[in-house]
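What follows is a set of notes on a single structure, which appears directly below.
The values are calculated or read from the model by the stated rules, or taken from the named source; none is laboratory data. Bear in mind the structure is a predicted one, so any value in this text is a computation, not a measurement. In this analysis, Cβ positions are derived from the backbone assuming ideal geometry, glycine residues included, and neighbour counts consider all displayed protein chains.
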Amino acid sequence: MKLQAAKDALQEEYFRRMQAADATRAPETAAAVSIQSFWRAHILWQLLSEWNGNALHVERIYRGHLGRVLANAARRERRIYWQRIYFSHCATSVQKWYRAYHSRRYKHNYYARKAYIEAVLQKSAALSLNNSERLQAQVEEAIASQELKARNELEQLSVKLHHLVSTKTTAGIYNSPMHDGFLPTAFSIPVEQHLRNAIKPQIREEMCRSAKGKLSNTKPKLLLSAALHEPYASQDERRRALERESKASYMALHGETFHTSTKHNATFAATQPSLQANTPYIDGGKQTIVRSSNKASWISSKVRARRIAGCPG
């Protein structure tokens, strides 16, 4: 009986525990799966870390090897470059010396070349000197031409300005006393002297013409009238008196009152003749001018003028 009771108790305990295990199986499975996943991840991370370290080590070794290879190649290229420069310099020196030797021996003569260069230098110096002289001559010719042109213009202008020459009583504008210590000059000659020199040929030409038969201006003589010896004011008064006398005679003859020109009868003026009609008019102010005609004095003055002017014949 005791064994049966123990058996029943054992079965109940077994069934109770199986039910408890069935009840907790899902959470325990999930917990086991989670633990396994974390463990596997840990193992995998360790493996990957080891692999990364190995890869970095391999890459480091390979990069070092590649760098040494590239450095060796660059060093080789540099060495070749400097060797090429050195050998090129050596070849250039050899060629230079050989070409110099060949040129001196078979092509050029040093002394002939030196003489040629000296001749070229002499010709260049002569050409430069010739060009300088030609340039100086052209400059002097241009200056002389400009000066001649300026002198001609000054001469033409001086001929037109002869009225500005100073006289004995009046100083000209180019010889003004206001120019204290300074007178206007042209070509280092006073302008006053230029004006005098410019008018001399005209004076000489006029004197030559006068000497050849053309009379120069002489002082007129007043003849044939007593009124000519009177002053101009008295002549004007005499003319006015004659006019008044003629008007008074006209009014006394016709017995009419005198009218001014604005009230004058046009018909009467047109039909009646003037009181002084057909009477010669004598102007008291008019002067009859005649020139002196002393032949002997005129001939002597002509000869004297010809001698002064230096005219031929």
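Of the residues screened, TYR250 is one that is of a type in the set (Phe, Trp, Tyr), modelled with pLDDT under 70 and surrounded by 10 or more Cβ atoms within 10 Å (Cβ to Cβ). Of the residues making up the range 90-100, at least one is hydrophobic (A, V, I, L, M, F, W, C) and within 57 Å of the chain's Cα centre (by Cα). Quick check on ASN152: is it exposed (fewer than 11 other Cβ atoms within 10 Å of the Cβ) and within 15 Å of ASN197 (Cβ to Cβ)? Yes; evaluated as a whole, the condition is true for this residue.
Looking at SER166, is it under 21 Å from VAL191 (Cα atoms) and surrounded by 10 or more Cβ atoms within 10 Å (Cβ to Cβ)? So SER166 passes the test.
Listed here are the residues, each with its yes/no results for (1) surrounded by 10 or more Cβ atoms within 10 Å (Cβ to Cβ); (2) of a type outside the set (Asp, Glu); (3) in contact with a helix residue (DSSP H, G or I) (Cβ under 9 Å, 6 or more places away or on another chain); (4) touching a residue at least 24 places away in the same chain (Cβ under 8 Å).
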residue: LYS96; (1), (2), (3), (4): yes, yes, no, no
residue: TYR101; (1), (2), (3), (4): yes, yes, no, no
residue: TYR110; (1), (2), (3), (4): no, yes, yes, no
residue: ALA115; (1), (2), (3), (4): yes, yes, no, no
residue: GLU118; (1), (2), (3), (4): yes, no, no, no
residue: LEU121; (1), (2), (3), (4): yes, yes, no, no
residue: ALA137; (1), (2), (3), (4): yes, yes, no, no
residue: GLU141; (1), (2), (3), (4): yes, no, no, no
